Amino acid sequence: MTCNPSKSSLHRATAIKAALALLVASACPAMAQNANPDQGRLVIGAAALAHVQARVIGIEPDSNSVTLRGPRGNIAVIEVNPEVADVKKLQIGDVVDIAYKNAILIGVDRVATSGIRERIDTETAVPASGGVVATARRVEVLATVQKIDRKHRQVTLRGPTRTEVLDVAPDVSLDHLKVGDSVRAVFVAAAAAQVSRDGADVK
């Protein structure tokens with residue numbers, strides 16, 4: 001990226017905090033209990049949650065995250081706060097009902113990669129209220145822009161292993177992007193607000 005490194009790092013840290021705040025704000029199980037499973041999306045305050053039934057195809061106990069295949073075959077990696085659910089109690093093939101906040105795009109630059117894609121995942125510690133330090137998975141990826149929804153501020157990126165739909169942070173401009181562009185994108189991974197199996201919360 002062409003930004004000044006120190007300013008870029010400061011901006012990126014601020015963006016990660018803001019993105020995590022959005023994820024945490026929507027990750028309260030009590031808020032999600034009234035969710036209607038028949039709705040594709042539900043609004044909780046100013047935060048929108050996706051609520052779907054999906055099949056578990058991957059489990060990462062160390063990061064307490066799961067890889068899910070949705071009803072349309074789409075694949076998503078979802079971070080799960082241990083207070084929301086314990087992924088170690090899940091098994092490959094389980095079908096779960098999950099309410100989650102989409103991954104949030106916090107930075108994007110066009111690059112010349114000749115179709116090469118790669119992905120770098122890192123854990124980022126973010127100070128939260130009350131002296132608590134939360135973690136979020138910061139993902140940097142070389143990807144191809146497949147779709148831009150400017151009205152709803154969402155971007156669909158095809159990365160090295162999957163295609164992901166990302167919500168776009170308020171301070172990220174989409175003016176310079178077009179479908180087919182190769183980009184270096186940075187986003188905070190999707191986070192679960194509620195996980196249940198057979199009608200019971202996974203605790």
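Output the residues belonging to region 66-103 that are at pLDDT below 90, under 21 Å from L157 (Cα atoms) and either touching a helix residue (DSSP H, G or I) at 6+ places or on another chain (Cβ under 6 Å) or polar (S, T, N, Q) (or both).
N74, K101, N102
Tell me, which residue of region 133-191 that is among the hydroxyl-bearing types (S, T, Y) and assigned to a strand (DSSP E or B) is farthest from V111 (Cα to Cα)?
T135
What pairs come up if the first residue lies in region 160-184 and is touching a residue at least 24 places away in the same chain (Cβ under 8 Å) and surrounded by fewer than 19 Cβ atoms within 10 Å (Cβ to Cβ), the second is small (G, A, S) and part of a loop (DSSP other than H, G, I, E, B), and their beta carbons are under 8 Å apart, counting only those six or more places apart or on different chains?
Partner pairs satisfying both residue conditions: S182/A112; S182/S114; S182/G115.
Tell me, please, whether a residue that is part of a loop (DSSP other than H, G, I, E, B) and either at pLDDT 50 or above or surrounded by 12 or more Cβ atoms within 10 Å (Cβ to Cβ) (or both) can be found in region 7-26. Step through it out loud before you land on a result.
Of all residues in region 7-26, those part of a loop (DSSP other than H, G, I, E, B) come to 26.
Among the residues that remain, those that are also either at pLDDT 50 or above or surrounded by 12 or more Cβ atoms within 10 Å (Cβ to Cβ) (or both) are: 26.
Yes, because at least one residue in region 7-26 is part of a loop (DSSP other than H, G, I, E, B) and either at pLDDT 50 or above or surrounded by 12 or more Cβ atoms within 10 Å (Cβ to Cβ) (or both).
Restricting attention to region 62-109, and to residues there that are out of contact with any Pro (no Cβ under 9 Å at 6 or more places or on another chain) and polar (S, T, N, Q), which single residue is nearest to H176 (Cα to Cα)?
It comes out as N102.
The values are calculated or read from the model by the stated rules, or taken from the named source; none is laboratory data. No experiment lies behind these values; they were computed from the predicted model shown. For neighbour counting, all protein chains shown are included, and Cβ atoms are generated from backbone atoms with ideal geometry for every residue, glycine included.
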